[in-house]
1. Ranked highest first by the average count of other Cβ atoms within 10 Å around their residues, in what order do 417-428, 334-345, 46-57 fall?
2. Return the whole-Å distance between the Cα centroid of the stretch 327-373 and the Cα centroid of the stretch 214-253.
3. Given H placed on each backbone N at 1.01 Å, which residues far from Phe12 in sequence or on other chains put an amide H within less than 5 Å of it?
4. Take the alpha-carbon positions of the stretch 220-288, form their convex hull, and give its projected area averaged over all directions (one quarter of the hull surface) in nm².
5. Going 7 Å from the Cα of Gln391 toward and past its Cβ, which residues in the stretch 344-370 have a backbone nitrogen under 18 Å from where you end up?
6. What full-extension length gain, to one decimal in nm, is calculated for Glu319 and Arg333 as 0.36 nm per residue of separation minus the Cα-Cα distance?
7. Check which residues have an amide H placed less than 5 Å from Ile357's amide H, if you skip close sequence neighbours.
8. If we count other beta carbons within 10 Å of each Cβ, what is the order of Ile206, Ile221, fewest first?
Amino acid sequence: MKLDQRFKPGLFELVGLRRQGSAPLPSADSGASRLAVYYNATLKLAQGYDFGNWEGLSPGTLAQVLGATEKGILGVKAGETRPGDEIRVYGSSTYEWTGDQWRSVDAATSGIARISAPGDAAPPARSKQLIDRLAALVEIPPPGIGPQDEQVIREELDHALRAIATRRERRKHVYAFASGPAEGEYYPVVAAVVDSVGRLKAQIKIRNLETEGSLENLRLIASRTADYALVQSNAAALAYAGERAFAPNGAVTSVRALGSLFPEPLHIIVSAKSDIRTLADLRGKRVDLGLPSSGTRADALTVLAAHGLGLQDFAEVREDGLDRAPGRLQSGRLDAIFATVGAPAREVQRLATRHPIRLIPLDVPMIGGLVSQHPGLVRLLIPAKTYPGQQDDVTAVAATALLVTHADVPDSEATAMLRLVFENPGYLSAGTAQGAKIAKRTGLRGITIPVHPAAGAYFGVPTSAPGGPGAPPKG
């Protein structure tokens, strides 16, 4: 049974199974025929299991094993599930015709579709005049706008549109919550929070703002284009100190932490058939370091620098992120992918089912130096069997996903947001397995920037401590 192979043997007992039908699937890369069999099942836990353990296997791994999406796993609780608890599954099994029989194979499930935001009404006359002036500025006959002017106009337009939307919506008490790419983990977490607003009848309205990731989110907080954001803990520390990517525009001293949500280990992914076993083996290779404004890129550069590697040491450096990089690795056009993301990441699961992969571990002494020198990073194990074919624990560094806001956000508003995030039972139904790891017991782990007073009251801790005004001790 696959559950015994990936989880602790005997942890689950199958107490109900009903086949719901079957359908043909696209052929495997080898040309072999494939078939999906759909089923409903009920599992009973013979022992307690803590799906909220930051270094344990998550509901995302359970969903992958059972051929389900996170929405198809019902009954998983935040914290420890007790013996006798039941989990209902709406899953599928993929079979491949090999030789003279059907054999069960690992397969990835589809992601969760996103819902488009509603549009705004037509602008009033004065706004229309300004838009016409803008159109005249950019609609230039051939040869048109040069590349440098195009970039300036694009960046300024993007900033203006976000600022306009934020100001309009805040007047209606609609708060912009910067998340991340739609295919990443931050976006569905915020989607679950948005969904819970109506279910819990909370007196707050939220717009899920899609972005490139942590660095952009912190800039949106600094410019007040976003009211709340999810960011990596180490990126938040750099922003508050005004270092590295934040040095040109100065420190973001207005940012405040509301809580730590879940760990995001740095995955270093290579093909299982490659000869790459350590970071040093990446010299001269083709690597993807993540999107330009992502926390992944910052983490990758930090870890590489600690190993004496810079951008000049690679044959090619790309910035595609998990949307496009896995396809390049599978086709042999890329040697390694860096990705700071909660484990298991759906994109990495999908890659592992199509193309055997290996995660590169970091040396334990090197991890100690990275954690001590870079606030916001913590030690973490990616446990064996998190991904198909992963037989060993992988030693890694991780950021933690932080919920952040502005220093002057009212306590009552911040407390309402904390309750929506930390007391939300709907993360799995929204398509994010990382939500199972969001708990008050780990709500202050890995925070190295000042804590908003509302968070101090919510978690029951003082709001001033070593590490900055209002910041809790490192941990």
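1. On the way: 417-428: 20.0, 334-345: 26.2, 46-57: 17.6.
Packing proxy ranking, top to bottom: 334-345, 417-428, 46-57.
2. 25 Å
3. The answer is Ala46.
4. On the way: hull surface 27.9 nm².
So the mean shadow area of the Cα hull is 7.0 nm².
5. Of the residues in the stretch 344-370, 352-353, 355-361 have backbone N under 18 Å from the label point off Gln391.
6. Values: separation 14, 0.36 × 14 = 5.04 nm, distance 1.37 nm.
Here the segment from Glu319 to Arg333 would lengthen by 3.7 nm.
7. Amide H neighbours of Ile357: Ala272.
8. Details: Ile206 22, Ile221 25.
Arranged by neighbour count, lowest to highest, Ile206, Ile221 become Ile206, Ile221.
Each value in this text was obtained by applying a stated rule to the coordinates, not by laboratory testing. Quick caveat: nothing in here was measured; it's all calculated off a predicted structure. Here the Cβ is made from the backbone with ideal geometry for all residues, glycine too, and neighbour counts use every protein chain on show.
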